[in-house]
């Protein structure tokens, strides 16, 4: 019984210094960085998609049904827009779902052997879908203001 009490008190202490708001904020920032930095490799300047990006979508990133040009534009836009929304905590669930969709496309059609990485991304994104952005998100502020 002593071990159970020790475990429970230790868990309570950890929860007090690691509140859900902090964990969700860290998740939002971590996954946003991964996707945003990937998006930045596809552009020059602010949002000019490089010729190399189009070439990647014609060869290595080729998708069934979607043209390489459309896929390059959509992926590059998504890798910029949704991470920004996650950092702000605005439309958190929607942005996380969009990145889950992107992750599944990458897993199924582009890099099927990279499942450990994609599983890690899903482990970060799924709590954001389930719980939203947390107390440190614009979503929460908007809800609070609407209730006043």
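This table checks each residue for (1) part of a loop (DSSP other than H, G, I, E, B); (2) under 22 Å from residue 121 (Cα atoms); (3) within 18 Å of the chain's Cα centre (by Cα); (4) in contact (Cβ under 8 Å) with a residue 60 or more places away in the chain.
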| site | (1), (2), (3), (4) |
| --- | --- |
| 21 | no, yes, yes, yes |
| 32 | no, yes, yes, no |
| 36 | no, yes, yes, no |
| 72 | no, yes, no, no |
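In this structure, does residue 99 turn out to be at pLDDT 95 or above, in a helix (DSSP H, G or I) and more than 14 Å from residue 38 (Cβ to Cβ)?
no
So for the stretch 51-58 (the condition being in contact with a strand residue (DSSP E or B) (Cβ under 8 Å, 6 or more places away or on another chain) and within 25 Å of residue 112 (Cα to Cα)), does at least one residue qualify?
Yes, there is a match, as at least one residue in the stretch 51-58 is in contact with a strand residue (DSSP E or B) (Cβ under 8 Å, 6 or more places away or on another chain) and within 25 Å of residue 112 (Cα to Cα).
Quick one: how many residues across the stretch 1-19 are over 21 Å from the mean Cα position of the chain (by Cα) and not in a helix (DSSP H, G or I)?
Of the residues in the stretch 1-19, 1 are over 21 Å from the mean Cα position of the chain (by Cα) and not in a helix (DSSP H, G or I).
Is one or more of the residues making up the stretch 38-58 within 13 Å of the chain's Cα centre (by Cα) and either touching a residue at least 24 places away in the same chain (Cβ under 8 Å) or part of a helix (DSSP H, G or I) (or both)?
yes
Looking at 141, 128, which one is buried (at least 16 other Cβ atoms within 10 Å of the Cβ) and in a helix (DSSP H, G or I)?
Every option except 128 fails the conditions.
The values are calculated or read from the model by the stated rules, or taken from the named source; none is laboratory data. All values reported here derive from a predicted model rather than from experimental measurement. Cβ atoms come from the backbone with ideal geometry, glycine included; neighbour counts cover every protein chain shown.
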